[in-house]
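Taking it in order: structure first as structure tokens, then the write-up.
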């Protein structure tokens, strides 16, 4: 205890109110535990305030404008006017509604909310520092769930404090569309936001050290997205790493790059978005006081029950490492809370889907064909192209495919989708992977016609050599 602090105690202390933390807090109260939730910034975390929700709001809005402006083939002729300031205000209203909802849900479930920055005093106590003249608070706990999330990686030579250099949150607060936007990084954040601003009318250039977009995804999946991006006018500078920037004579800026061989290039811009990844937030916790030791990358290692190597301390979400996804954080939050309560909960990491909200979308779950072979399966693979989907044709969105990966016994082991509504379609195949469903289970399930989901059924039939609406392998 520190003299002058308010001193309290709780069964479960949750540090961080993002999608991992607030979910863990609510589930723990549902198990009859006394829970205190500490948040230093904004309820809902990065996801609700600066990431998932605001970016998807922009993606939806810009898709509406772009689709209306490019629907001549359907007999629609329009030239929508986009007011970015108004769009930004609408996005903020959505965010405020959701973050306010998080607070109400926590309070309604009996979670005690504390604002401030929590740092460990030892393995059973934290001190919460508050802004201004408000008293600090010392909180003792039986169990602690750390859910402090992550922050954007900052590049040397391109610090976020410099006016034209933006992170993925700041770019969504712009009230005017930059004529020229340079995006550093062709991962999922960079590609989603590149697409948004290309549709708003920016000349977008993406700088990437690797030789293609979306590292970690199969080549034929990433290729569909890259081609669509190129059709939107996005330029790519592959094999280049951003090294810095300077002002230009025309009032803009110039981003400098260098290849692995030392060859330099320059790219003019008005604004620069740096989206090269995220680092876990562990430096505010005084973790060493609790005996917690982050990895070299800054993460806390956990087991399948989200336990760290310190008894009674758990970690969930981005701070616990890959997959750094909001829904993974929520799933881990549930597991941690239930483990704290004595339930036999554990996370099936093989059934955690991932989605990229590019144009078209990408969604995956489980194993790819190559991964299935690496772990000892004899994989069988089937596909259904969206060019053969009646619903995709009526939407004017036929790029991409559904791919299903099964083992020799016909059990679904993974899936990859690139195409319209991939983020929604993956749910059926995630359930299949989670429950150990077979190809016959999926194929024998009657799907509504005409829908995009029929492509899932057809892909499962294609593995079995029995597809009706596409040629069998």
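Applying the criterion of being touching a strand residue (DSSP E or B) at 6+ places or on another chain (Cβ under 9 Å) and surrounded by fewer than 15 Cβ atoms within 10 Å (Cβ to Cβ) to the residues of the stretch 219-231, the residue that is farthest from residue 263 (Cα to Cα) is 220.
Among the residues of the stretch 182-201, at least one is within 19 Å of residue 358 (Cβ to Cβ), over 21 Å from the mean Cα position of the chain (by Cα) and surrounded by fewer than 22 Cβ atoms within 10 Å (Cβ to Cβ). Note on the stretch 231-265: residues that are in contact (Cβ under 8 Å) with a residue 40 or more places away in the chain and closer than 22 Å to residue 201 by Cα amount to 6.
Within the stretch 308-328, restricting attention to residues that are closer than 18 Å to residue 143 by Cα and in a helix (DSSP H, G or I), the residue that is nearest to the chain's Cα centre (by Cα) is 317. Being under 25 Å from the mean Cα position of the chain (by Cα), surrounded by 18 or more Cβ atoms within 10 Å (Cβ to Cβ) and in contact (Cβ under 8 Å) with a residue 60 or more places away in the chain is a description that does not apply to residue 164.
Test of understanding: among 172, 166, which residue is over 25 Å from residue 303 (Cβ atoms) and in contact with a helix residue (DSSP H, G or I) (Cβ under 7 Å, 6 or more places away or on another chain)?
None of the others qualify; the one that does is 172.
Residue by residue through the stretch 101-136, note down the ones that are touching a residue at least 40 places away in the same chain (Cβ under 8 Å) and out of contact with any strand residue (DSSP E or B) (no Cβ under 8 Å at 6 or more places or on another chain). Listed by number, the residues that qualify are 102, 105, 109, 122. A residue that is in contact with a helix residue (DSSP H, G or I) (Cβ under 6 Å, 6 or more places away or on another chain) and closer than 26 Å to residue 84 by Cβ can be found somewhere in the stretch 98-105.
No value in this document is a laboratory result; all are computed from the given coordinates. In this text the structure is predicted, and so the values were computed from the model without any measurement. Reconstructed Cβ throughout: ideal geometry from the backbone, glycine too, with neighbour counts over all protein chains shown.
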